[in-house]
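Undergrad: Take a look at this one; I'll ask things after.
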2 protein chains.
Amino acid sequence: MTAVFDSLSDPLPRRLAAGLSRLSVALRAGQWRLAEAHGLTPTQAQALALLAARSGAARPALRVSDIAEHLAITRPTASDAVTALERKGLIRRQPDPRDARATGLVLTEAGTALAREAGDWPATLLDVAADLPPPEQEALLRLVTKLIRGLQLRGAIAPARMCATCRFFRPYAHPADAATPHHCSFVDAPFGDRHLRLDCAEQDPLPDDEAEVVWTRFVSGPPAATPP
Amino acid sequence: MTAVFDSLSDPLPRRLAAGLSRLSVALRAGQWRLAEAHGLTPTQAQALALLAARSGAARPALRVSDIAEHLAITRPTASDAVTALERKGLIRRQPDPRDARATGLVLTEAGTALAREAGDWPATLLDVAADLPPPEQEALLRLVTKLIRGLQLRGAIAPARMCATCRFFRPYAHPADAATPHHCSFVDAPFGDRHLRLDCAEQDPLPDDEAEVVWTRFVSGPPAATPP
DNA sequence: CGATTATATGTAGGACTCCTACTCAATCAA
DNA sequence: TTGATTGAGTAGGAGTCCTACATATAATCG
């Protein structure tokens, strides 16, 4: 069972961290190139993309502290980035009707247009991901979902609007259908692991205790076939 | 085969990139906390860790440009970080005997000690990785290996000293042994996916064409059982 | 040998990141 | 109404990260 290498090697989690860190280096470098081509910095581009993803006529405008939380930076740093975006004419600050202390952030037209181009992902990363066989893409998505959930539970990351903790998510509602075993009761349609979302606009988060239940059902995999 | 969600969703590679980006955000934030606790910045800590990992009495000292390449930053930025580390007494610059233009970077004793503490990974990330069931850790390591290889082939990342492109790597040399199907001819021992390394000190890279052959054998999985 | 050309590093300057500590105004709770 | 909390911003400082440019050495080619 145990092999020579078990005592020779770093523990697996440590090597995983190292690997993810290597990916992170490449990702950050790619974001620099991409953002820079549009006169932005990675932080600005991420903030712009976040605003674009979360802007809806019906939803309240994001605030500076939302940006800070989502990018895991301090509020002053987020404030810096927002100031830069405002100076570049990509966003506007407007008073928040709900709270006179707060400032809502809204995209200008120029900002909306730029978010579409600069908010994308480095082409290299997309290419590499696309080169994986589809089943492995699916497996990776599921693993990444787990990691994000773990980070979220430990408070290391802002809550993601993911299927796995959504009110509309019914894991393995169609156990007989291997391709699309889950069900989304928002659009009322079956879907599979390959459709799992990490930032769905329609997501409605469950309270922690209920989320835990749904999550457990999701990670446990399909229920065993019922004996006759 | 196709479901409603196939047309509703972002393509899977795009969602994967988004997910990896979320992990990257958390990782970078964690690196800030960790490095800061030791009076460093993430870049400085990464440079220090790199020097610690690659320092061997027998090996030539790393140079500034090696740091820049590995961290995917420009040489001036790497030069800045190295200057800061030198000012803090953690490394020394010494003339390179092979090339009078170059500067070799060596850790001081203080630097060696600090690299051990500050060069580690954020505890949160290690915990989250360790919480995955071991088979999933193994699967993730294999997937991350593939992504890194892909980034490397596209020149987006410095060559990693990974098993999968090493002269001593014999993928599926023991096809009958599911737990440790590979073989490392450096230590002359069998090992499995869970032992795959991404930065092995003993790695000896194969030339591109031979690496391609070994890589293909690795990603193809175990050979089909021989018919009787 | 001497004149390129390439390489390794470093400097300069500027925009931005990122932090802590602080101010200010609005809100909430007692 | 007083006092604590919250959202935003400022101030100041070290560091990141870039593009250009400067300097020295090395390799190459007549």
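The values are calculated or read from the model by the stated rules, or taken from the named source; none is laboratory data. This structure is a prediction, so every number in the text was calculated from the model and none was measured. Note: ideal-geometry Cβ built from the backbone for every residue, glycine included; neighbour counts use all protein chains shown. Protein only, heavy atoms only, side chains kept; ligands, DNA and RNA dropped before computing areas. Shrake-Rupley method; radii C 1.70, N 1.55, O 1.52, S 1.80 Å.
Undergrad: Residue A:68 is checked against (1) within 14 Å of chain B (Cβ to nearest Cβ); (2) within 9 Å of DNA strand C (Cβ to nearest atom); (3) open to solvent by 30 Å² or more (accessible area, probe 1.4 Å) and fails just one. What number does that condition carry?
TA: Of everything listed in (1) within 14 Å of chain B (Cβ to nearest Cβ); (2) within 9 Å of DNA strand C (Cβ to nearest atom); (3) open to solvent by 30 Å² or more (accessible area, probe 1.4 Å), residue A:68 misses just condition (3).
Undergrad: If we keep just the residues of segment A:71-82 that are over 9 Å from residue A:47 (Cβ atoms) and near DNA strand C (Cβ under 8 Å from one of its atoms), which is least open to solvent (accessible area, probe 1.4 Å)?
TA: To start, the set of residues in segment A:71-82 that are over 9 Å from residue A:47 (Cβ atoms) comprises A:72-77, A:79-80.
Still in the running and near DNA strand C (Cβ under 8 Å from one of its atoms): A:72-77, A:80.
Numbers: A:72: 28, A:73: 49, A:74: 77, A:75: 159, A:76: 87, A:77: 60, A:80: 106 Å².
My answer is A:72.
Undergrad: Among the residues in segment B:80-90, are any free of Cβ contacts under 8 Å to residues at least 40 places away in the same chain, over 30 Å from residue A:197 (Cα atoms), outside the structural domain of residue B:203 (by TED's automatic domain parsing) and in contact with a Pro (Cβ under 9 Å, 6 or more places away or on another chain)? Please lay out each step first, then the result.
TA: Filtering segment B:80-90 down to residues free of Cβ contacts under 8 Å to residues at least 40 places away in the same chain leaves B:80, B:82-83, B:86-87, B:89.
Adding the requirement that they be over 30 Å from residue A:197 (Cα atoms) leaves B:80, B:82-83, B:86-87, B:89.
Imposing the further condition that a residue be outside the structural domain of residue B:203 (by TED's automatic domain parsing) reduces the set to B:80, B:82-83, B:86-87, B:89.
So of that shortlist, the ones also in contact with a Pro (Cβ under 9 Å, 6 or more places away or on another chain) come out as none.
No.
Undergrad: Taking segment A:170-205 as the search range and keeping residues that are in contact (Cβ under 8 Å) with a residue 40 or more places away in the chain and under 17 Å from the mean Cα position of the chain (by Cα), which one is farthest from residue B:10 (Cα to Cα)?
TA: Residue satisfying both the conditions and the ranking: A:205.
Yes/no per residue for (1) farther than 29 Å from residue B:27 by Cβ; (2) assigned to a loop (DSSP other than H, G, I, E, B); (3) out of contact with any helix residue (DSSP H, G or I) (no Cβ under 9 Å at 6 or more places or on another chain):
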{"site": "A:136", "(1), (2), (3)": "no, no, no"}
{"site": "A:144", "(1), (2), (3)": "no, no, no"}
{"site": "A:155", "(1), (2), (3)": "no, yes, no"}
{"site": "A:172", "(1), (2), (3)": "yes, yes, no"}
{"site": "A:197", "(1), (2), (3)": "no, yes, no"}
{"site": "A:211", "(1), (2), (3)": "no, no, no"}
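Undergrad: Can residue B:124 be described as touching a Pro at 6+ places or on another chain (Cβ under 6 Å), at the interface with chain A (Cβ under 9 Å from one of its Cβ atoms) and either open to solvent by 30 Å² or more (accessible area, probe 1.4 Å) or part of a loop (DSSP other than H, G, I, E, B) (or both)? Step through it out loud before you land on a result.
TA: On the way: touching a Pro at 6+ places or on another chain (Cβ under 6 Å): no; at the interface with chain A (Cβ under 9 Å from one of its Cβ atoms): yes; either open to solvent by 30 Å² or more (accessible area, probe 1.4 Å) or part of a loop (DSSP other than H, G, I, E, B) (or both): yes.
No; evaluated as a whole, the condition is false for this residue.
Undergrad: Kindly check whether there is at least one residue in segment A:37-58 that is of a type in the set (S, T, N, Q), over 16 Å from the mean Cα position of the chain (by Cα), away from every other protein chain (no Cβ under 14 Å) and more than 8 Å from DNA strand C (Cβ to nearest atom).
TA: Checked against the condition, which is being of a type in the set (S, T, N, Q), over 16 Å from the mean Cα position of the chain (by Cα), away from every other protein chain (no Cβ under 14 Å) and more than 8 Å from DNA strand C (Cβ to nearest atom), segment A:37-58 yields no hits at all.
Undergrad: In this structure, is residue B:145 at the interface with chain A (Cβ under 9 Å from one of its Cβ atoms), surrounded by 18 or more Cβ atoms within 10 Å (Cβ to Cβ) and polar (S, T, N, Q)?
TA: Details: at the interface with chain A (Cβ under 9 Å from one of its Cβ atoms): yes; surrounded by 18 or more Cβ atoms within 10 Å (Cβ to Cβ): yes; polar (S, T, N, Q): yes.
For residue B:145, the condition - at the interface with chain A (Cβ under 9 Å from one of its Cβ atoms), surrounded by 18 or more Cβ atoms within 10 Å (Cβ to Cβ) and polar (S, T, N, Q) - is met.
Undergrad: Right, here's the next one. May I ask you to list the residues in segment A:112-121 that are more than 16 Å from DNA strand D (Cβ to nearest atom) and either in contact with a strand residue (DSSP E or B) (Cβ under 9 Å, 6 or more places away or on another chain) or assigned to a helix (DSSP H, G or I) (or both)? Step through it out loud before you land on a result.
TA: First pass over segment A:112-121, keeping only residues more than 16 Å from DNA strand D (Cβ to nearest atom): A:112-117, A:119-121.
Across segment A:112-121, the qualifying residues are A:112, A:113, A:114, A:115, A:116, A:117.
Undergrad: For segment A:181-198: of the residues being more than 12 Å from residue B:6 (Cα to Cα) and more than 8 Å from every other protein chain (Cβ to nearest Cβ), which is surrounded by the most Cβ atoms within 10 Å (Cβ to Cβ)?
TA: The selected residue is A:182.
Undergrad: Just to be sure I understand, how many residues within segment B:60-102 are away from DNA strand D (no atom under 11 Å from the Cβ) and among the β-branched types (Val, Ile, Thr)?
TA: Number of matching residues: 2.
Undergrad: Follow-up. Quick test for you: out of B:56, B:111, pick the one residue that is open to solvent by less than 20 Å² (accessible area, probe 1.4 Å) and farther than 30 Å from residue A:149 by Cα.
TA: Numbers: B:56 fails: open to solvent by less than 20 Å² (accessible area, probe 1.4 Å).
Unique residue meeting the criteria: B:111.
Undergrad: Of B:130, B:176, which residue is in a helix (DSSP H, G or I), surrounded by fewer than 20 Cβ atoms within 10 Å (Cβ to Cβ) and on the phi < 0 side of the Ramachandran plot?
TA: On the way: B:176 fails: in a helix (DSSP H, G or I).
Being in a helix (DSSP H, G or I), surrounded by fewer than 20 Cβ atoms within 10 Å (Cβ to Cβ) and on the phi < 0 side of the Ramachandran plot holds for just one of B:130, B:176, which is B:130.
Undergrad: OK, next. Quick one: would you say residue A:4 is hydrophobic (A, V, I, L, M, F, W, C), within 15 Å of DNA strand D (Cβ to nearest atom) and surrounded by fewer than 16 Cβ atoms within 10 Å (Cβ to Cβ)?
TA: Details: hydrophobic (A, V, I, L, M, F, W, C): yes; within 15 Å of DNA strand D (Cβ to nearest atom): no; surrounded by fewer than 16 Cβ atoms within 10 Å (Cβ to Cβ): yes.
Here the answer is no, as residue A:4 does not meet what is asked.
Undergrad: Just checking, does segment B:103-111 include any residue being within 10 Å of DNA strand C (Cβ to nearest atom), touching a residue at least 24 places away in the same chain (Cβ under 8 Å) and not β-branched (Val, Ile, Thr)? Spell out how you get there, then give the answer.
TA: We begin by selecting, within segment B:103-111, every residue within 10 Å of DNA strand C (Cβ to nearest atom); these are B:103-105.
Going one step further and asking which of them are touching a residue at least 24 places away in the same chain (Cβ under 8 Å), we end up with B:103-105.
Now narrow it down to the ones that are not β-branched (Val, Ile, Thr): B:104-105.
Checked against the condition, which is being within 10 Å of DNA strand C (Cβ to nearest atom), touching a residue at least 24 places away in the same chain (Cβ under 8 Å) and not β-branched (Val, Ile, Thr), segment B:103-111 yields at least one hit.
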